[in-house]
1. Express the relative contact order of the range 272-367 as a whole percentage, based on alpha carbon pairs under 8 Å and six or more residues apart in sequence.
2. Work through the residues other than Ala345 whose Cβ is under 13 Å from its Cβ and net out their charges, Lys, Arg +1 and Asp, Glu -1.
3. With θ set to phi - 60°, apply the Karplus curve 6.51 cos²θ - 1.76 cosθ + 1.60 along the range 345-358 and write out the HN-Hα couplings as whole Hz, x wherever there is a Gly or Pro.
4. I'd like the chymotrypsin sites (Phe, Trp or Tyr not before Pro) in the range 39-127 restricted to DSSP loop residues with at most 11 other Cβ atoms within 10 Å, sorted by number.
5. With n ≥ 4 as the cut-off for DSSP H runs, can you work out [θ] at 222 nm for the chain, using -39500 (n - 2.57) per run divided by the number of residues, rounded to the nearest 500?
6. About its Cα centre, how strong a charge dipole does the chain have in debye, to the nearest 20, once Lys and Arg get +1 and Asp and Glu get -1 at the Cβ?
7. Looking at the chain from every direction and averaging, what is the projected area of its Cα convex hull in nm²?
8. Considering Cα pairs under 8 angstrom that are at least six residues apart, work out the relative contact order of the chain and quote it in whole percent.
Amino acid sequence: MSAAADAVTIASSPLLLVREDLRGFAGYQSARSQRLQGSVWLNANESPWRNDADGEGSLRRYPDPQPQALREALAGLYGCAPGQLLAGRGSDEGIDLLVRAVCRPGGDAVLVTTPTFGMYAVSARLHGTRVVDVPLVEDARGWQCDFAAVATAVRRDGVRLVFLCSPGNPTGALLPLEEIARLARELDGQALVVVDEAYLEFADSPSAISLLPAQRNVVVLRTLSKAHALAAARIGSVIADADLIDVLRRCQAPYPLPAACTAQALQALAPQVRSVTSEHVATVRGEREQLRSALAVLPGVRRAYDSRANFVLARFDDAQAAFDALLAAGVVVRDMRSAPGLGDALRISLGTPEQNRKVLAVLKEVLR
């Protein structure tokens, strides 16, 4: 038997980390979840007439909670089995479902590595769950995760969920996949390692989804909001062990995916559209290094970090002046000064080449 096969055999079931009171929880069984067939639909208390504003009349029916065509398209995009994927309302819903399914209010904890995406801590606190912070370490290479400190904190503080953002938001740093794998092995049976890959398309790097066959406690979050330009459609995915996906599905709201959003997502995942998306992603990658290197040599810029995402994080001598000048020119960037350790930083998303040149022109004028 191969080493990989051995790893699959000995890996603990993620169901051991689900709240005991939810392991047999059936959830709400909606009318559509029964998947009955018929020609006269009178089981969901829907209107028998269409709304006059709904030309085709399709909106009077509740949507499929987990459309098979969408799950198959997303699974094909990410390289997993449909049974390993739950579609939902952006990555935010996935985060919330994981916290609710795994953490006992007032008992368990989640771990974050600041500076990072704020919704991990928000979801935890709304659920009455403690938040343990193991801050990223900044050095000459950029931002690093102290994986050893993370493992220690998990054991010490009763952590059930470890949230790792890779590439990181707002840092842009990509975490080494081998270190994520080592952490997952070390925490097998103790915690789920959740890797948020919202920006992975811009990194041109392997996904942590590849770890799933050997490590059942790995969970990956993906989204169509960034690279696929569907932020308003709110289509995100949780990719994990099929048993855990089944639990999360039972914890999900009855009809999470509006039919119009599902249809738009399917169109966006057609081969010809994905080809254009790939071109846009390539443009962002090229523009990213040009913006970073140009920022790095501006007077008044303390540091512009290497990034594997679709933004650049920069520190300024006077971040307020830079922010105000950009805003006066009609350019809105993200003020990061309230985030831990980023009291002098702005995060600048990559725009079109013309928009990026405007950013640099404004900053050259105000910082010279």
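1. 27
2. +1
3. With coefficients 6.51, -1.76 and 1.60, one gets 10, 10, 10, 10, 6, 6, x, 6, x, 5, 5, 5, 5, 5 Hz.
4. Trp49
5. -11000 deg cm²/dmol
6. The calculation lands at about 320 debye.
7. Orientation-averaged projected area of the Cα hull: 21.6 nm².
8. 18
Rule-based calculations on the coordinates, nothing more; no lab input. As the structure is a computational prediction, the values presented were derived from the model and not from experiment. Heads up, the Cβs are rebuilt from the backbone with ideal geometry, glycines too, and the neighbour counts pull from every protein chain shown.
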